[in-house]
1. On a 25 Å Cα-Cα criterion, which of the cross-link pairs 31/316; 31/222; 39/61; 222/316; 73/191; 73/222 come out too long?
2. Got a sec to turn the phi values of the range 46-52 into Karplus ³J(HN,Hα) couplings, 6.51 cos²θ - 1.76 cosθ + 1.60 with θ = phi - 60°, whole Hz, x for Gly and Pro?
3. Please list 3J(HN,Hα) in residue order for the range 102-111, calculated via the Karplus relation 6.51 cos²θ - 1.76 cosθ + 1.60 where θ = phi - 60°; whole Hz, with x for glycine and proline.
4. Quick query: amide H of residue 220 versus all other amide H atoms, modeled in the peptide plane; which residues come in under 5 Å with a sequence gap of 5 or more or a different chain?
5. So what are the ³J(HN,Hα) numbers for the range 118-135, from phi and the Karplus equation (6.51, -1.76, 1.60; θ = phi - 60°), rounded to whole Hz, Gly and Pro as x?
6. Expressed as a whole number of Å, what is the distance separating the alpha-carbon centroids of the range 61-78 and the range 22-44?
7. May I ask you to give the average projected area over all directions of the convex hull of the Cα atoms of the range 27-70, in nm² rounded to one decimal?
8. Could you work out the relative contact order of the range 46-119? I mean the mean sequence separation of Cα pairs under 8 Å and 6+ apart, divided by the number of residues, in percent.
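The values are calculated or read from the model by the stated rules, or taken from the named source; none is laboratory data. Keep in mind that this is a model prediction, so the values were computed, not measured. Note: ideal-geometry Cβ built from the backbone for every residue, glycine included; neighbour counts use all protein chains shown. For the accessible areas, the whole protein counts, side chains as well, though only heavy atoms, and no ligand, DNA or RNA atoms are used. Shrake-Rupley method; radii C 1.70, N 1.55, O 1.52, S 1.80 Å.
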Amino acid sequence: MDVTTCIVTSLIEPVSTKSISIIVPVYNERKNIHRLVEKLEGVLVGFVWEVIFVDDDSPDKTSSVARRIAATKNYVRCIQRIGRRGLSSATIEGVCSSSADYIAIMDGDLQHDESILPTMIKALDSGCDLVVGSRHVVGGGSSDGFSSPFREMLSTAGKKIACAMTRTNLSDPMSGFFMTRRALFMATAHKLSGQGFKILLDFIMSSKNNISIIEVPYIFRKREFGESKLDIMVMLQFAILILDRLFHGYIPIRFIAFASVGVIGVLVNVMVMVSLKDAGFGFVTSQSVGIFVSIVCNFELNNRFTYRTNRLRGYKYWLGLAAFMLISGLGGVANVGISSMLYTNKFTDIFSSLAGSIVGVVWNYAISSTLIWRFK
């Protein structure tokens with residue numbers, strides 16, 4: 001896919017006749033809603049536009065603030081999602097609620113520079129399919145300066161992987177600030193994973209056509225209110241998204257995450273067992289403690305990562321942990337039963353063990369998804 005850079009310039013009349021919906025997924029952003037609407041009003045004079053806040057039932061009542069504004073301004077709308085969380089899925093629902101010609105995706109934390117929106121609109125009017133706000137082209141940057149060397153290394157590695165997967169030379173393939181034609185987005189909507197934070201990357205990889213892309217530089221602002229939603233789990237979700245695309249969506253993305261966590265659990269089990277044996281404990285005791293620790297570790301990682309949009313808290317966390325331990329125990333019984341049956345029927349020990357492990361993982365995933373993390 002070809003990518004070109006568009007230098008930000010003042011928009012020349014006439015303004016676009018196309019309608020624009022700006023989709024803003026939010027969570028605990030009540031202090032930023034008024035200011036973002038005011039900034040959009042300042043840069044979109046003369047355009048036919050609306051802003052749609054998609055709020056994942058924020059504890060700080062972000063949706064209430066957005067609705068109060070919407071009561072007096074018909075170009076402001078709010079979708080409050082109950083029992084669902086996630087930037088990508090919120091973006092998809094916001095786009096599906098729109099009937100505009102163009103849709104823009106941006107954050108609600110005021111870090112994205114809304115002043116480039118007219119330039120992005122102009123680029124779509126000129127015939128391109130996708131316009132990406134970029135910090136990494138000439139004229140772009142970050143008001144926070146440079147990240148730590150480790151985060152820069154992760155970012156560089158992620159960018160190279162993303163460009164290879166999308167077959168583009170985008171400077172900022174994981175940007176959360178972009179604009180495209182609504183019809184084009186909807187043509188790929190059913191192929192999107194709806195998981196994680198990298199909706200742009202998901203969108204490009206899901207697109208059938210060789211879309212034309214323009215990058216527009218902007219300065220990534222420093223957050224003033226609220227807390228960043230980004231953590232190590234976001235990087236892990238990025239890795240899972242890449243795996244999902246490599247498997248072409250045939251294996252559920254959550255199963256990939258669940259199985260990956262299971263591998264970590266096996267390593268934890270072995271490490272604890274070896275450590276306790278070295279400390280003088282017997283094998284049975286060491287292995288039993290290792291299994292217990294690995295189950296707790298698996299539950300915590302699945303709660304924070306695999307099912308972070310349905311994350312359990314408070315007393316539900318402890319009920320979920322108890323249920324997960326029971327389910328894992330039954331999965332272990334199924335594992336031993338299947339592997340023993342295959343082994344006694346002359347299959348190799350490695351094949352029998354792997355088959356039993358797969359049955360155990362599938363069992364744990366199916367029952368856990370149904371009983372533990374089905375609801376928040």
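1. 31/316; 222/316; 73/191; 73/222
2. Per-residue couplings from phi come out as x, 8, 8, 8, 8, 10, 10 Hz.
3. Calculated HN-Hα couplings, in order: 10, 10, 10, 10, 8, 7, x, 9, 6, 7 Hz.
4. Under 5 Å from the amide H of residue 220: 141, 142, 143.
5. Running phi through 6.51 cos²θ - 1.76 cosθ + 1.60 with θ = phi - 60° gives x, 5, 5, 4, 4, 5, 5, 4, 6, x, 6, 9, 9, 10, 10, x, 10, 8 Hz.
6. Taking the Cα centre of the range 61-78 as reference, the centre of the range 22-44 is 10 Å away.
7. So the mean shadow area of the Cα hull is 3.0 nm².
8. 30
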